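Below: one structure, written as structure tokens.
The values are calculated or read from the model by the stated rules, or taken from the named source; none is laboratory data. A quick note: this is a predicted structure, and the numbers were derived from the prediction, not measured. Don't worry about glycine lacking a Cβ; one is built from the backbone with ideal geometry, like all the others, and counts go over all protein chains shown. Surface accessibility is based on the protein's heavy atoms, side chains included, excluding ligands, DNA and RNA. Shrake-Rupley method; radii C 1.70, N 1.55, O 1.52, S 1.80 Å.
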Amino acid sequence: MEMNDERRGLLIILSSPSGAGKSTLARRLMEWDPSLSFSVSATTRAPRPGEVDGEHYHFLSIPAFKELVARGEMLEHAHVFGNFYGSPAAPVRKAIDGGRDVLFDVDWQGAQQIRNSELGRHTLSIFLLPPSIPELRLRLERRGQDSAEVIRKRMEKSWDEISHWDGYDYVLVNDDIDRTFDRLRVIVTAERMRRQQQPGLQDHVRRLQSEFEEGAK
Ligand code: ADP
Ligand code: 5GP
């Protein structure tokens, strides 16, 4: 690997009210860069049709979830829509140290805890807003995965999530999916170049300095 490519991984957090497009954009980002790893959360909610244990979520009982929290194995955890959700810390540390970015689909409570964690300086947080509330409802309905009752609950909660929009580094209004994705890609590309993400810079500049001094003789 070229020295200039050496970098630390970013913790990329995507949050939004349910239905605004997080999963769609997360999927696109991973297709764009297969080296990205997705943080598979643990949850106590029941799997939806088609959801695979260990791939979409680690589906746990409440006691098993609480045990992981008590052992300090969660980077963050929260109670959302009546269920527990949390991000296991070990896979995240491993990826970041190996220079790979990790993508998180977590709510505002999770984003806040990750930002305040020991890995906080390596986070990039992005909030997605829907173009309108009727459009948000339409997207939930069109997705066709939730009952009318669950959709009603998610819509009720959406304001609670939206009201935390101003705690994020970037905010994107997800109107056109291709345009939003382009913007997201630009943000990730730029953030990877942040000084603190490039630990090899110090050595590189030292080398430049000695070459410079050699040349000056
Ligand atoms: P979330 O993960 O935030 O709950 P999803 O990614 O599942 O949301 O998106 C909800 C629904 O809206 C899906 O059916 C998805 O295909 C659709 N969708 C996502 N982004 C857009 C967009 N920009 N325009 C129209 N439909 C979208
Ligand atoms: P869903 O049940 O639709 O998969 O997720 C519901 C909400 O929980 C979404 O807002 C999602 O971002 C959030 N969520 C999923 N996993 C986690 C997690 O590990 N931690 C936190 N704090 N929120 C999560």
**Prompt:** Using the alpha-carbon atoms, what tilt in degrees (0 to 90, nearest 10) does helix 22-32 show relative to the longest principal axis of the chain?
**Reply:** 40 degrees
**Asked** Can you list the residues, at least 5 places off or on another chain, whose amide H is less than 5 Å from the amide H of Met74, using H built in the peptide plane?
**Response** Ala89
**Request:** Mind giving me the FRET efficiency for Ala148 and Ile177? R0 is 22 Å, r the Cβ-Cβ distance, nearest 0.05 is fine.
**Result:** 0.30
**Fill in**
For the chain, dividing by residue count, accessible area per residue (probe 1.4 Å) in Å² works out to 56 Å²
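Please compute, over every Cα-Cα pair in the stretch 33-126, the percentage with a separation greater than 16 angstrom.
55 percent
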**Asked** Working out 0.36 nm times the residue gap between Ile62 and Arg206, then minus their Cα-Cα distance, what length gain in nm do you get to one decimal?
**Response** 46.6 nm
**Request:** Report the residue, chosen from Asp166, Asp175, Asp107, that carries the largest GNM mean-square fluctuation when the chain is represented by alpha-carbon nodes joined by springs under 10 Å.
**Result:** Asp166
**Item:** Total charge dipole magnitude, the chain, about the Cα centre, Cβ charges on Lys, Arg, Asp, Glu only, Debye to nearest 20
**Value:** 240 debye
**Request:** Just flag the GluC sites (Glu not before Pro) in the stretch 11-69 sitting in loop per DSSP whose Cβ has no more than 11 other Cβ atoms within 10 Å.
**Result:** Glu55
**Prompt:** To the nearest 10 degrees, how steeply does helix 201-216 sit against the main Cα axis of the chain, on a 0 to 90 scale?
**Reply:** 20 degrees
**Message:** Test of understanding: what is the full-extension gain from Arg27 to Glu73, defined as 0.36 nm times their sequence separation minus their Cα-Cα distance?
**Reply:** 14.0 nm
**the stretch 61-86-the stretch 162-211 distance, computed between alpha-carbon centres (Å)** = 30 Å
**Asked** Taking the Cα centre of the stretch 1-72 as the origin, how large is its charge dipole in debye, to the nearest 20, when only Lys and Arg (+1) and Asp and Glu (-1) carry charge on their Cβ atoms?
**Response** 400 debye
**Request:** Taking the chain as the reference, fit the longest principal axis to its C-alpha atoms, fit the long axis of helix 133-143 to the helix C-alpha atoms, and give the angle between the two in degrees, 0 to 90, nearest 10.
**Result:** 80 degrees
**Prompt:** How large is ³J(HN,Hα) for each residue in the stretch 41-54, as worked out from phi by the Karplus curve 6.51 cos²θ - 1.76 cosθ + 1.60 (θ = phi - 60°), to whole Hz, x for Gly and Pro?
**Reply:** 6, 9, 8, 9, 7, 6, x, 7, x, x, 7, 10, 4, x
**Dipole axis of the stretch 80-149 (+1 Lys, Arg; -1 Asp, Glu on Cβ), positive-most option in Gln145, Gly98, Asn116** = Gly98
